[in-house]
Amino acid sequence: IVMNVKSFVSVIAALMCLILAMASKGGAQSPTVSGKWHFVLQTEGGERTSDPTFEQNGDKVTGKWGDADVKGTFADGKLNLSFPYNSDEAGAGTLKIRAELKADALTGTWEFQEYSGSFKATRTAPAQ
């Protein structure tokens, strides 16, 4: 079979595109919030820390924040949690966390009862 140079280059270019497409699908993992985290919440009374563990399945996030069962979502780099929580200082309420994931850090805001503030969190251990 005789192939001219133009056809040969076209075939090679198509094969390279196919290889790159296959590599990008298998090689890049979607970001996840699964794992252990260290949160530093800014409050009126100073910094408060917490070390929750999250598990992500699709967009759904579950886990533990102290004794509380975490419930929420993670999609498009945004974490949204809302779950019942009992604070030793303020009593029972709903803790809401809104954050954006960049690398292994979360930054965002928290709300609990009439209180609110900002926070930063770093991943302390990836999910296994």
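Read-outs throughout are calculated quantities, based only on the coordinates presented, and are distinct from any laboratory measurement. Note that the structure is a prediction, hence the values are computed from the model and not measured. Because the Cβ atoms are built from the backbone with ideal geometry, glycine has one as well, and the counts that use them run over all protein chains shown.
Computed over the stretch 61-106, the alpha-carbon pair-distance distribution with 10 angstrom bins reads 26, 50, 21, 3, each value a whole percent. The length gained by stretching the chain between K102 and D76 to full extension, at 0.36 nm per residue less their Cα-Cα distance, is 8.2 nm.
Straight-line reach from K64: taking Cα to Cα under 18 Å and skipping same-chain neighbours fewer than 8 places apart, the aspartates and glutamates in range are D51, E55, D88, E111. A simple spin-label model places pseudo-atoms 7 Å from Cα toward Cβ; at S118 and N86 they are separated by 3.3 nm. Note on the stretch 87-128: Kirkwood hydrodynamic radius from all Cα pairs is 11.8 Å, rounded to one decimal.
By how many nm would the segment from T109 to T94 grow when fully extended, if each residue of separation counts as 0.36 nm and the alpha-carbon distance is taken off? List each step's numbers first, then the result.
Numbers: separation 15, 0.36 × 15 = 5.40 nm, distance 1.38 nm.
Between T109 and T94, full extension yields an extra 4.0 nm.
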